[in-house]
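What follows is a set of notes on a single structure, which appears directly below.
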Amino acid sequence: MSARIRKLVVQVDETRIEMGRAVEPPVRRAVAIAVIENPCAGRYVENLDELIAIGEELGGLLGEKCVKALGIEPGQAHSYGKAAIVGEAGELEHAAAILHPKLGAPLRKAVEKGAALVPSAKKRGGMGTAIDVPLGHKDAAYVRSHFDAIEARVGDAPRASEIVVAVAVTDGGRPLARVGGLQVSEIQGADGLR
């Protein structure tokens, strides 16, 4: 079964100046959000394969929308992240089913490679609830300059029987990052850590 998508939202955040200093090149973060019907809303469902399949579908769709919104080639993506908000007729496990088993592989394809785990967050909430989508470098978790987040929110979602699913992709790290750690130029990308 494919996702029943009520709404898609794509936003790009571009930082050009931070603390009075120019950010060159500007750092851009894109978030693509799908508001979907929760097929398990209002009842306990033992087998969540339907939601797992929806996650796989949305990983590619939302990842590709982010890359396109940034106007970059997939290999130029730096960071990624994922998050979900479940409406009140759902449960956190519904968000977990979408985010964890299969969303990552098509997202990694959309950003070319992605050796590191995809940072994630989930919560339950009503219409207008915001969630911070955590971000980390796609190929090396120890790159501190890319520890970040971007807020995702849809004013009329999630309704009780919906789930808001968000994927974020960036073309750089935090503006003016200077707290040390592994540098982008030092990434090996073999183990997802370094």
Within region 15-66, list the trypsin sites (Lys or Arg not before Pro) lying in a DSSP loop whose Cβ has at most 12 other Cβ atoms in a 10 Å radius.
ARG43
Over the chain, equivalent-ellipsoid semi-axes from the Cα gyration tensor in Å:
29, 18, 14
What is the angle, in °, between the Cα long axis of helix 49-70 and the longest principal axis of the Cα atoms in the chain? Nearest 10 is fine, range 0 to 90.
40
Using every pair of alpha-carbon atoms in region 2-88, split the distances into 5 Å bins beginning at 0 and state the percent of pairs per bin, rounded to integers.
3, 11, 20, 19, 15, 12, 8, 6, 4, 2, 1
For each pair in LYS7/LYS138; LYS7/LYS102; LYS7/LYS113; LYS68/LYS138, compute the distance between the two Cα atoms and list the pairs where it is over 20 Å.
LYS7/LYS138; LYS7/LYS102; LYS7/LYS113
How much mean residue ellipticity at 222 nm does the chain get from its helices, if each DSSP H run of length 4 or more adds -39500 (n - 2.57) and you divide by all residues, to the nearest 500 deg cm²/dmol?
-6000 deg cm²/dmol
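Quick note: the coordinates plus some simple rules give every number you see, no bench work behind them. All values derive from a computational prediction rather than experimental measurement. So basically every Cβ, Gly included, is an ideal-geometry build from the backbone, and we count neighbours across all protein chains shown.
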